[in-house]
1. Which order do peptides 265-274, 210-219 fall in by mean Cβ count within 10 Å, highest first?
2. Considering only C-alpha atoms, what is the centroid distance from the range 447-476 to the range 195-235, in Å?
3. Among 283-293, 414-424, what's the highest-first ranking by average C-beta atoms within 10 angstrom per residue?
4. Which net charge results for the neighbourhood of ILE161, defined as the other residues with beta-carbon distances under 14 angstrom from its beta-carbon, given Lys and Arg at +1 and Asp and Glu at -1?
5. What FRET efficiency comes out for the pair GLU165/ARG138, r = Cβ-Cβ distance, R0 = 25 Å, nearest 0.05?
6. If you average the sequence gap of Cα pairs under 8 Å that are 6 or more apart and divide by the length of the range 300-428, what percent do you get for the contact order?
7. Straight-line reach from LYS179: which aspartates and glutamates have a Cα under 12 Å away, not including same-chain ones fewer than 8 places off?
8. Ranked by Cβ crowding within 10 angstrom, fewest neighbours first, how are THR106, THR207, THR391 ordered?
Amino acid sequence: MKIKALIAAGLLVTTVGCGWSGADGNILFAEDQPSLPESGDSDVRYADMEKPVVLNDPDLKGHSFRYGPVTIEKFSQLNLSFDLYADGAAEEEVFTEEAWFPEYYTDLKGVITFRGGPYRDRPAYGTLQSGNPQIEDRWSFTTGANPDWGGGAGWTGQPVIVQWEREMKEVMNLEERFKEDDQFTEVILGSLDGRVYFLDLNTGEQTRPPIENTNPIKGSVSLDSRGYPLLYVGDGVPTGADRDFGFNIYSLIDGERLHHINGRDPLAFRDWGAFDSSALINRETDTMTVAGENGMFYQVKLNTDFDRESGSISVSPEEIKLRYAVDGNEYKGIESSVAIHKNLAYFSDNGGSIVAVDLQTMQPFWALPPLDDTDSTIVMEVIDDVPYLYTATEVDNIGTDGDCYIRKINGLSGEVIWQESYPAYYYPNVVGGVLATPVLGKENMEGLVVFTVARYGSRYSGIMVALDKESGDEVWRHDMPHYAWSSPVDVYDEAGNGYLVQADFGGDVRILNGETGETIDRKNFGFNIEASPAVFNSKVVFASRGGRIHGIELK
């Protein structure tokens, strides 16, 4: 396997812990990336890329060293250009020493951002109490409706689910009965009707007044990883002639908007202000990382002032922005959520480039050439401090039926370790290929990565495929009568048996055996489900395009 070859060759990274100086290690080049042929089994063409250089300190091998950032000595930037801005002013370079994410993202109980955290691999919290679960319908809540977009939730539309600490509940505008319940768990979901709803996980009752965001919300909201009463919400589409279109930070003490990032940034290459990307918060540095459909990549120092005793919170953000262009990529905009390991951030864009950014310098250290629109979020696996990326494309920019591409990529070098292709139908604005974020298997699903391919086989059907994460070989497939944009969710019982929850455009929710792909149970909810579910123990929450939020239980 190429992974083993890379590790054996010494492609390890130096970590610099708190209070350590940079190690005087050996400088190693990543192995040369093989070029794919310009014709043959794949239509994909890669430019030769100069490889980044990483530090390797032999004295650290086999030792338990402090968690610290990855040092990139030389950046591969031959196929891209970029500009940096700090609070709107152009900068030749920036450096933020503490700009790396901690080993543990949060102490909160729940799912607090799209797919749970910076590796985007944890859409469920807790375990099931029994195996072979069946779907039990518990509650539904009807949202309002936008005249153009309706209600419920669209893609990606995942709720966050959190069990608040008692002292935090006391400062928030929750109804008193929920403050008194030690097991109270809250569901928070952004809707296409332009509101953010707050519901009780057990009953679906409203727990506090909704936030009036006005602009429809398509993406997934995020909570603050420190447990602070802050909510991060991206606009999906503007309302009418509304130019107040971008990204918002709200207080969960009273629902007040504390800050707005104008997505229609005059510095951006694209005048489209949506933020479908779900933010990540570095709890140790008070910093937010998010990407915009304007094509800008943001690192924002929040300067949060939270006074628990007085019940007040404010932010005074300072922005560092990256504007970039990859050679041959004509499509600007980032709809995927950012995946992060330490100071290494990764995202895909509307042209299909995968971009790697060092958060300390805010510079790209490699970027893959364009392929096709890639809106599904990268899922990351880290082995011996080397991040590996799992990603897939849509069938969109080519403007006709074609192949979508599923890839595993070395996050340090940009090398494509393996690639598989699946044919899919093109349909304008409602495209085929992969829009769902994949599942990285755990427990008895260890070794599998599961992708959902839309418009495969026929224009309205699809498949789920489980691939061997080392080789890319197909292990099982599950044929779907209705295609899906909704992301599958992996859940596990106490014995370590894995199951998949998959919703689709026909309104079905299926429970699959994660090891074999066999259907265990199915229930129909009447309307297209393109939003992704989140799971808390045995309880699953998702929204449909039919204007409803649903709570079910796996029993």
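1. Values: 265-274: 17.0, 210-219: 22.9.
Packing order, densest peptide first, comes out as 210-219, 265-274.
2. Each part reduced to its Cα centre gives a spacing of 32 Å.
3. Result, highest mean first: 283-293, 414-424.
4. For residues surrounding ILE161, the net value is +2.
5. The calculated FRET efficiency here is 0.50.
6. Details: 286 pairs, mean separation 19.6, N = 129.
Computed over the range 300-428, the figure is 15 percent.
7. Leaving aside aspartates and glutamates fewer than 8 places away in the same chain, those within reach of LYS179 are GLU165, GLU167, GLU170, ASP200.
8. THR106, THR207, THR391
Read-outs throughout are calculated quantities, based only on the coordinates presented, and are distinct from any laboratory measurement. Predicted model only: the values in this text are computed from it and were never measured. Note that we place each Cβ from the backbone using ideal geometry, even for glycine, and neighbour counts take in every protein chain shown.
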